[in-house]
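What follows is calculated from the coordinates using simple rules that are stated; it is not laboratory data. All values derive from a computational prediction rather than experimental measurement. As a convention, Cβ positions derive from the backbone with ideal geometry for all residues, glycine included, and neighbour counts pool all protein chains shown.
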């Protein structure tokens with residue numbers, strides 16, 4: 001089902017027109033489709049139906065409690081990278097036993113909170129982290145279930161800022177050191193080895209890097225088995241890409257087939273997947289109002305009320321998001337090459353560069369597509385701009401799932 005589409009000349013999210021939501025809530029506003037979000041999760045579950053598995057939604061992609069409640073209602077888990085994300089997951093009803101704690105810089109406090117919550121597994125990323133968790137667990141009279149995040153040095157062929165599996169990455173431990181560290185962890189009574197973890201990058205549109213990483217992990221599991229270390233859970237991370245414009249990412253079925261073909265000789269293994277972008281990315285758009293048209297000898301600009309503080313991906317990664325008018329036939333006249341820019345006081349504040357768009361007048365609305373992943377979750381108050389509202393559309397209705405911040409919210413917590 002196409003949850004975001006034009007209907008009678010109007011752009012709809014499920015059964016609600018984007019312009020209707022924008023006029024009622026104001027802009028900028030992130031509009032999520034509940035149906036699309038849930039359908040993406042179910043598609044992955046269906047692809048895994050013949051495989052032992054646990055799907056842990058990557059909270060960092062988009063962490064609104066309303067979305068996490070959908071994850072909980074479908075019986076899935078959460079991949080977290082901070083104590084705050086653990087707090088969110090638990091608040092949304094995801095039990096600690098379905099939470100995997102990843103991240104390169106876990107603090108002692110976060111480890112203690114996660115142990116108290118009974119998280120399913122810690123993905124360790126260094127020798128010192130292993131020792132600290134062992135000490136904290138021992139003092140608490142607990143046993144922490146652990147895996148090591150191993151860096152297989154596989155090129156994910158994605159943007160360097162979101163490539164995490166190369167040997168120069170800050171993430172994980174070198175592949176060649178993994179067996180030694182597993183051997184050391186085995187000697188710590190307060191740690192119980194249950195898994196092996198890997199995450200090579202984000203926005204991957206080819207299954208080959210996933211398959212190669214899984215193959216290398218399979219070889220490592222064989223080596224560990226020879227040392228008497230049985231790996232029961234293989235956490236292959238996330239990273240499956242989406243179509244922002246013309247990309248052709250693999251289907252959930254093709255993605256899972258690539259992973260399982262590389263691990264077929266371990267029939268008792270449980271796969272853990274940590275999808276984020278592939279679940280929420282194209283289940284959301286960012287609606288923004290046109291403020292001005294500005295034409296110069298060098299360039300034409302459409303100034304809108306959403307900026308890099310709302311959606312930083314174009315400025316940070318050079319990411320290209322498709323942009324459509326909320327009214328399909330918005331203006332008469334030929335398409336014009338324009339840059340869609342925001343009000344933030346930075347030359348790098350843009351949502352799109354040199355795009356062909358129809359004539360746009362002030363008061364019209366644009367939809368920045370594929371804004372669900374790392375959209376609101378990476379937004380900020382830069383320039384003392386209040387963060388946008390978030391809305392969840394379901395069928396013919398919608399609800400505000402995060403109110404727009406006020407000026408008072410901007411100074412909350414400040415002492416003056």
If every alpha-carbon in the stretch 333-387 counts as one equal scatterer, what log10 I(q)/I(0) does Debye give at q = 0.27, 0.28, 0.30 1/Å?
-1.29, -1.30, -1.32
Of all DSSP beta bridges with both partners in the stretch 1-147, the antiparallel percent, nearest 5, is 40
Send over the semi-axes of the stretch 224-316's equivalent ellipsoid, whole angstrom and largest first, taken as the square roots of 5 times the C-alpha gyration tensor eigenvalues.
45, 14, 12
Computed helical MRE - 222 nm, the chain, DSSP H runs ≥ 4 contributing -39500 (n - 2.57), nearest 500
-8000 deg cm²/dmol
Could you compute the FRET efficiency for residue 382 and residue 291, with r as their C-beta to C-beta distance and R0 at 25 Å, rounded to 0.05?
0.90
quick shape note, the stretch 17-94: Cα extents on principal axes in Å, largest first -> 46, 30, 17
Per 10 Å bin, what percent of the C-alpha pairs of the stretch 97-153 does each bin hold, from zero upward?
25, 61, 13, 2
As a percent rounded to 5, the proportion of antiparallel DSSP bridges among beta bridges in the chain is 50
Taking the Cβ of each residue in 120, 301 as the centre, tally the other Cβ atoms inside 10 Å and list the residues starting with the fewest.
301, 120
Have a look at the DSSP beta bridges in the stretch 63-275 and tell me what percent are antiparallel, nearest 5.
5
Dividing the convex hull volume of the Cα atoms of the stretch 194-252 by its residue count, what figure in Å³ per residue is obtained?
68
Shape descriptors of the stretch 1-156 over alpha-carbon atoms, Rg and Dmax in angstrom, are 19.2, 64
Roughly what would the spin-label model give for residue 87 and residue 328, points 7 Å off Cα along C-beta, in nm?
4.6
For the chain, with a Gaussian network of springs between Cα atoms less than 10 Å apart, report the residue from 353, 50, 203 with the top mean-square fluctuation.
50
Max mean-square fluctuation residue, GNM over the chain, Cα-Cα springs under 10 Å, options 84, 375, 103
84
Within a Gaussian network of the chain (alpha carbon springs, distance under 10 Å), most fluctuating of 112, 264, 243
264
For the stretch 63-123, one quarter of the surface area of the C-alpha convex hull, expressed in nm², comes to 3.5
Rounded to the nearest 10 degrees, the helix 208-226 long axis (Cα) sits at an angle to the longest Cα principal axis of the chain of 20
Highest-first arrangement of 272-280, 211-219, where packing means the average Cβ count within 10 Å:
272-280, 211-219
Test of understanding: ordering 3, 182 by Cβ neighbours within 10 Å, fewest first, what list do you get?
3, 182
For the ranges 91-97, 307-313, 293-299, what's the packing order if you count other beta-carbon atoms within 10 Å of each residue, average per peptide, and put the highest first?
307-313, 91-97, 293-299
Out of every Cα-Cα pair in the stretch 63-275, what percent are more than 25 Å apart?
37
Which order do 223, 408, 113, 14 fall in if you start with the one that has the fewest other Cβ atoms within 10 Å?
408, 223, 113, 14
Projected area of the chain, taken from the Cα convex hull and averaged over every viewing direction, in nm²?
21.8
